[in-house]
1. I'm trying to understand the selection: among the residues of the stretch 358-373, which are closer than 21 Å to Val187 by Cβ and at pLDDT 95 or above?
2. Consider Ile328 carefully, then state whether it is within 31 Å of the chain's Cα centre (by Cα), surrounded by 22 or more Cβ atoms within 10 Å (Cβ to Cβ) and of a type in the set (A, V, I, L, M).
3. Could you grab the pairs with beta carbons closer than 6 Å, sequence gap of 6+ or different chains, first residue in the stretch 492-516 and of a type in the set (Gly, Ala, Ser), second one part of a strand (DSSP E or B) and buried (at least 19 other Cβ atoms within 10 Å of the Cβ)?
4. Filtering the stretch 334-348 down to residues that are touching a Ser or Thr at 6+ places or on another chain (Cβ under 7 Å) and either surrounded by fewer than 24 Cβ atoms within 10 Å (Cβ to Cβ) or of a type in the set (D, E, K, R) (or both), which residue is farthest from Glu319 (Cα to Cα)?
5. Restricted to the stretch 378-390, and to residues that are open to solvent by 10 Å² or more (accessible area, probe 1.4 Å) and not in a loop (DSSP other than H, G, I, E, B), which residue is nearest to Tyr419 (Cα to Cα)?
6. Can you pull out the residues in the stretch 91-124 that are assigned to a helix (DSSP H, G or I) and open to solvent by 70 Å² or more (accessible area, probe 1.4 Å)?
7. Six or more apart or on different chains, Cβ under 8 Å: which pairs go from a residue in the stretch 410-430 that's at positive phi and at pLDDT below 95 to one that's charged (D, E, K, R) and assigned to a loop (DSSP other than H, G, I, E, B)? Could you list them?
8. In the stretch 435-446, which residue that is assigned to a loop (DSSP other than H, G, I, E, B) and open to solvent by 20 Å² or more (accessible area, probe 1.4 Å) is nearest to Pro332 (Cα to Cα)?
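The values are calculated or read from the model by the stated rules, or taken from the named source; none is laboratory data. This is a predicted model, so every value here is computed, not measured. Ideal geometry is used to build each Cβ from the backbone, glycine not excepted, and the neighbour counts take in all protein chains shown. These accessible areas exclude ligands, DNA and RNA; they are computed on the full protein's heavy atoms, side chains included. Shrake-Rupley method; radii C 1.70, N 1.55, O 1.52, S 1.80 Å.
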Amino acid sequence: MVILPPVVPAIAPRLAVPTPIPPPLAPLPVRPPVLRPPVAQNGEMQESDSDSDLEEMVSGRGAAGSTQEYEISEESRIVRERQEKALQELLMKRRAAALAVPTNDMAVRARLRRLGEPITLFGEREMERRDRLRMLMARLDAEGQLEKLMKAHEDEEAAASAAPAEEEDIQYPFYTEGSKALLDARVEITKYSLVKSALRLHRARRKRDDPDEDVDAEVDWALKQAGSLALDCSEIGDDRPLFGCSLSRDGKMLATCSLSGIAKIWSMPQVQKVSTLKGHTERATDVVFSPTSNYLATASADKTARLWNSEGSLLKTFEGHLDRLARIAFHPSGNYLGTASFDKTWRLWNVESGEELLLQEGHSRSVYGLSFHHDGSLVASCGLDALVRVWDLRTGRSILALEGHVKPVLGVSFSPNGYHLASGGEDNTCRIWDLRQRRSSYIIPAHSNLISQVKFEPQEGYFLATASYDMTAKVWSSRDFKPVKTLSGHEAKIMSLDVAADGQFITTVSYDRTIKLWSSKNIEKEEKMDMD
């Protein structure tokens, strides 16, 4: 049986359906070039030699935009503008960083003026002004205004080159030229100090080399006398509080001044009033006897100092200070007077002519105290700036600035030994400065209140006396600056004190209006009577 294959019916051919072609898409916007920092190689930053890379990048982008015309969205356009602006700012900063801008603020102001710009803006500081000049110069460079920039630079160089020529023509001194009278005074002071220092050194060598001289015994005797000081007399000095006191060179007269503006002269040791000195219109702040005569000087808050004789007649008035006076002091020669004032200066006056020889600045606050070296070559000033300055009268220079006090310094005194200087102030301490070592050798916690005055014994400097607002005066050994005697008796703060030339008695004046005389002669008399 024959099996036939199945018959497959013919399939009609499928008609070809045309495939739809999609519409063309808008081209994507060209991505802006990414600015990458230079890659560090061997620890150094690789930078291009010029700004041509950035310029080519900007120009290339402009060329690409001109050849390729396509539509971009608003967001893409804003992004592109922001990137172009940032690129331009970076290029401007690079140009600005490559420019040489002066660092001196005066030169920056001068260049801004030459470029026609305001030299300063409200609240502008030096660095901000320099940055403004830098950006201005970079903008001028980018705009091609190099001629204007170069002209300003040439003008600046011409002015700088012309400045030395002007300085050569006019040479200003770096000091204030003094008068002929000051020169003569310095020559006289130099001659006086050379003789005095030679005598002091000769006496010191004799005490050191002479076997008959027993310095320790002398010091012990002086300290014993100081330790036996006792209240000898107390007298009401004025209706107002007393402010200053001074003993004459022979110790036979005492001068006091008070807040009433009146100074008085008293006989010693009876403390009887001899004469009254009236003339100041404000309170009197200090009084001092001349070391060579019976003349005395007073200082006042009326900005003047006055010279008197012992009979109470006015001889000279020293006017010139701009504020009230504090302490005053005579030069050891007696020919010159030093005055300290709250106008931050101290001045040197010729006693005979009344002429102002020297106006000396140097303290940042009011000058309060003065003390002349016993040789006459130096003067020490102290003030409310907590500073003690030592000046050379022969040259006018400040040779030492002694820092250590933490509050205003109110009193200063030279020792007759020539190298010790004592100072006391509102920090309740007394400091002993060694001029040879230029430092503080002793710090004495002397009182419980501020120290108003310090004085060395004027003959040999064997002891130091201090007065304080704690209503006491104290005596200290100059050997080791240990306490020797405390003088208690005042009922108010002690304003000033003075030591007699022979060291036999000390006078103190106080805000309680009293004068007190502390003497050791009564003790000697009692000892003699006991021996008899």
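1. The answer is Phe372, His373.
2. yes
3. Once the first residue is of a type in the set (Gly, Ala, Ser) and sits in the stretch 492-516, its partners that are part of a strand (DSSP E or B) and buried (at least 19 other Cβ atoms within 10 Å of the Cβ) give Ala492/Ser510; Ser496/Gly244; Ser496/Cys245; Ser496/Gln453; Ser496/Val509; Ala500/Leu247; Ser510/Ile494.
4. Gly334
5. Leu378
6. Once the filter is applied, which keeps residues that are assigned to a helix (DSSP H, G or I) and open to solvent by 70 Å² or more (accessible area, probe 1.4 Å), the stretch 91-124 yields Lys93, Arg94, Ala97, Ala98, Met106, Arg113, Arg114.
7. Filtered contacts from the stretch 410-430: Gly418/Asp375.
8. Going through the qualifying residues, I end up with Leu435.
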